[in-house]
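Encoded as structure tokens, the structure appears first; notes follow it.
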Amino acid sequence: MISLSVSKSNSQNSTHAKHGLAVSISNLSLIYKTSISKRPTFKARLKSIGRGKKHTRVVNAINNVNLEVHYGSVLGVIGSNGAGKSSLMRVISGIIPPTQGKVEVHGSVSTLLALGVGFNPSMTGRSNVYLGGLAAGMTRSEIDSRFEAISEFSELGDSIDAPMRTYSSGMYARLAFSVAATVEPDILIIDEALSTGDAHFKEKSLNRIKELRSADRALILVSHALATIEEICNEVLWLDKGKIMMRGKPEEVVAAYKEFLNVGKSASSNEDV
Amino acid sequence: MSTQVTIYEPFRAGLPPIGAYLRQLWSRRTFIAEFSRAELREQNFDSVFGQLWLVLNPLLLSGVYFLLIYIIRGSSDSTRYAHLTACLFLFYLIGNSLSGGVKSITSGQRLIMNTAFPRVMLPISATVVALFKFIPTLAVFFVLRIALGLPYSWQMLWGVPILLIALLMGLGMAITISCINVYFRDIANFLPYIIRSLLYLSPILFEVSALSPRLKKFEMFNPLFSLLDSWSKAVVHASAPDMHSLLQSLIWAVVIFLFGTYFFLSRERDFAVRL
Ligand SMILES: Nc1ncnc2c1ncn2[C@@H]1O[C@H](COP(=O)(O)OP(=O)(O)OP(=O)(O)O)[C@@H](O)[C@H]1O
Ligand SMILES: [Mg+2]
């Protein structure tokens with residue numbers, strides 16, 4: 001909210017100006033058009049030739065969003081399922097092009113959203129870490145030097161050399177988070193990697209995120225763990241049906257969101273770390 | 001670290017900035033190497049028996065076809081067998097490139113949905129895998145050649161540019177079909193039939209010289225026809241290939257590659273939404 005001296009840091013030589021602009025989003029909209037038939041096939045296309053209009057479902061995943069994220073800030077993103085959080089993160093990291101509007105990213109994004117690790121379940125965790133890192137643009141020596149730290153942080157032990165199809169979902173999440181947290185990009189986006197770990201790992205990853213907070217890094221955290229968000233973020237964005245409902249101080253936004261969900265007092269919602 | 005600014009704007013059909021794209025691709029070349037290696041390892045081709053199977057499979061196949069020809073025509077010779085084997089091996093380079101490439105985008109879904117990178121890396125890796133599967137068969141062919149006592153000459157070096165043309169063609173086909181498969185998922189089911197038809201329509205089980213001129217004209221439309229003909233001339237008969245057919249195969253390869261790459265690059269930003 002408090003935008004201090006928004007310096008256009010395009011051609012600055014060294015690290016980012018404190019509170020410099022990291023991500024700037026203007027009038028962003030994203031529309032998914034998918035066909036109703038589950039799999040697009042040649043056969044289905046042939047069958048529908050005589051039928052006139054195509055059956056498509058249109059989802060307005062992001063709806064005219066304006067947003068600025070500054071270096072040094074930790075932005076939490078909350079909202080119900082299907083609110084468009086993951087879609088927004090994909091647009092910021094350049095995976096999905098926007099339908100309308102413009103996104104400017106200053107600096108390197110860890111485009112490796114945590115879930116990209118383990119794309120090939122028949123390969124070992126180790127191969128997947130390397131492949132994920134290389135695809136995200138790291139060099140082999142960078143990964144070499146960090147691999148120890150990654151495997152140690154994930155506490156997977158020997159399982160790191162087992163095929164990933166033998167992993168539990170928590171083990172997946174552990175490895176994914178470990179990779180994302182070790183890469184150290186300028187802008188780190190963590191989408192829901194916190195949710196499946198056990199209490200011990202949640203605690204550990206929370207501490208790791210706190211360590212990662214620094215003046216020349218921007219963190220964007222997507223999570224349903226409201227208490228966590230409230231604890232580590234200095235700003236929270238609440239999305240609903242692709243629109244920004246509210247943005248501001250963590251306590252206020254989380255409180256408003258809880259009220260909206262009407263779950264303020266139920267026990268299950270407070271169970272995050 | 002210097003701050004770079006990246007701007008994402010609405011998707012328009014058309015090519016991305018080629019220079020930047022190539023730079024991205026080049027900076028991720030280790031991914032291609034690592035991915036191909038992991039793929040080969042996973043298919044057990046790093047072990048002795050895996051490699052043996054790689055060689056044995058087409059060798060057995062060529063044995064079967066040889067038998068077939070012998071039964072149908074009542075006669076055969078060693079040149080014929082060498083032709084059959086050499087062409088079958090090269091055909092497998094392209095066939096493997098196609099069958100490895102077809103699902104390269106759709107099976108990389110998780111990676112594509114979560115990481116930004118030049119998508120063309122995936123079909124390229126498929127062709128690299130096909131190349132690594134091809135190399136041991138090439139060695140086997142040369143052993144076979146010695147055993148059959150076929151002639152040698154410097155003209156056999158024509159095999160090198162022909163192999164490069166075959167690679168370009170295989171790459172172009174892998175890129176094209178991986179993209180088509182995003183929009184028509186059943187192309188992967190048709191592919192075995194397509195490959196089979198190509199196999200029978202190509203001068204593998206027969207030699208070009210045995211073809212009537214009318215049929216020969218028709219074969220201009222088979223991209224593999226003049227390629228395999230040139231390959232056989234060079235590595236089996238140890239003579240210079242017909243320049244006309246060499247040129248024809250080069251044109252085919254370039255056209256397929258350019259067409260496929262244009263098609264792919266102009267749509268790849270749309271892939272993440274389609275998967
Ligand atoms: N590939 C896709 N094709 C079509 N529609 C999609 C696609 N991905 C997401 N959507 C739709 O876009 C909307 C937003 O989805 P998104 O994944 O961004 O939600 P989310 O906020 O991350 O939800 P969650 O909290 O469950 O992770 C949903 O309505 C979803 O159905
Ligand atoms: Mg999500």
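Here are the numbers for the structure shown:
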quantity	calculated
In the range B:153-187, the residues that are surrounded by fewer than 16 Cβ atoms within 10 Å (Cβ to Cβ) and within 13 Å of chain A (Cβ to nearest Cβ)	B:Y183, B:D186
Elements of type helices (runs of 4 or more DSSP H) in the range B:225-275, at least 1 residues being within 14 Å of chain A (Cβ to nearest Cβ)	B:243-267, B:271-274
Odd one out for A:N120 among (1) modelled with pLDDT under 90; (2) more than 7 Å from chain B (Cβ to nearest Cβ); (3) under 18 Å from A:I190 (Cβ atoms)	(3)
The range A:61-75, residues that are within 11 Å of ligand 1 (Cβ to nearest atom) and either buried (at least 23 other Cβ atoms within 10 Å of the Cβ) or within 14 Å of chain B (Cβ to nearest Cβ) (or both)	A:A61, A:I62
Flag if B:P10 is over 29 Å from B:F132 (Cβ atoms) and surrounded by 11 or more Cβ atoms within 10 Å (Cβ to Cβ)	yes
Where a residue in the range B:105-129 is part of a loop (DSSP other than H, G, I, E, B) and its partner, wherever it lies, is hydroxyl-bearing (S, T, Y) and at pLDDT below 90, with Cβ under 9 Å and at least six apart	B:T115/A:S93; B:T115/A:T111; B:A116/A:S93; B:A116/A:T111; B:F117/A:T111
Residue pairs meeting the criteria (Cβ under 9 Å; at least 6 apart or on separate chains; first under 10 Å from B:V273 (Cβ atoms), in the range A:88-105; second among the aromatic types (F, W, Y) and more than 15 Å from ligand 1 (Cβ to nearest atom))	A:I96/B:Y8; A:P97/B:Y8
Any hit, the range A:195-214, residues being within 14 Å of chain B (Cβ to nearest Cβ), away from ligand 2 (no atom under 16 Å from the Cβ) and either in contact (Cβ under 8 Å) with a residue 12 or more places away in the chain or within 23 Å of A:V105 (Cβ to Cβ) (or both)	yes
Tabulated pairs, the range A:35-58, first at positive phi and of a type outside the set (A, V, I, L, M), second modelled with pLDDT under 75 and surrounded by 11 or more Cβ atoms within 10 Å (Cβ to Cβ), C-beta under 8 angstrom, 6+ apart or interchain	none
So B:F132, is it within 23 Å of the chain's Cα centre (by Cα), more than 14 Å from chain A (Cβ to nearest Cβ) and over 14 Å from B:F35 (Cα atoms)	no
Residues of the range A:76-88 satisfying the condition of being more than 8 Å from ligand 1 (Cβ to nearest atom) and out of contact with any Cys (no Cβ under 7 Å at 6 or more places or on another chain)	A:V77, A:I78
Test for A:V6: is it at pLDDT below 75, away from ligand 1 (no atom under 16 Å from the Cβ), more than 13 Å from chain B (Cβ to nearest Cβ) and farther than 30 Å from B:F184 by Cβ	yes
Residues (of a type outside the set (V, I, T) and either more than 22 Å from A:S205 (Cβ to Cβ) or at pLDDT 90 or above (or both)) located in the range A:131-141	A:L131, A:L134, A:A135, A:G137, A:R140, A:S141
A:N81 surrounded by fewer than 20 Cβ atoms within 10 Å (Cβ to Cβ), at pLDDT 90 or above, more than 16 Å from the chain's Cα centre (by Cα) and in the same structural domain as A:P250 (by TED's automatic domain parsing)	no
Flag if B:L15 is touching a residue at least 12 places away in the same chain (Cβ under 8 Å), surrounded by 14 or more Cβ atoms within 10 Å (Cβ to Cβ) and away from chain A (no Cβ under 11 Å)	no
Residue within the range B:62-69 that is surrounded by fewer than 24 Cβ atoms within 10 Å (Cβ to Cβ), of a type outside the set (F, W, Y) and within 30 Å of B:L25 (Cβ to Cβ) present	no
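Condition check ((1) in the same structural domain as A:I92 (by TED's automatic domain parsing); (2) closer than 21 Å to A:L75 by Cα; (3) touching a Leu at 6+ places or on another chain (Cβ under 8 Å)) across all residues:
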| residue | (1), (2), (3) |
| --- | --- |
| A:S154 | no, no, yes |
| A:D161 | no, no, no |
| A:Y167 | no, no, yes |
| A:I190 | yes, yes, yes |
| A:T196 | yes, yes, no |
| A:A199 | yes, no, no |
| A:E203 | yes, yes, no |
| A:R208 | yes, yes, no |
| A:L212 | yes, yes, yes |
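The values are calculated or read from the model by the stated rules, or taken from the named source; none is laboratory data. None of these values were measured; they are calculated from a predicted model. Because the Cβ atoms are built from the backbone with ideal geometry, glycine has one as well, and the counts that use them run over all protein chains shown.
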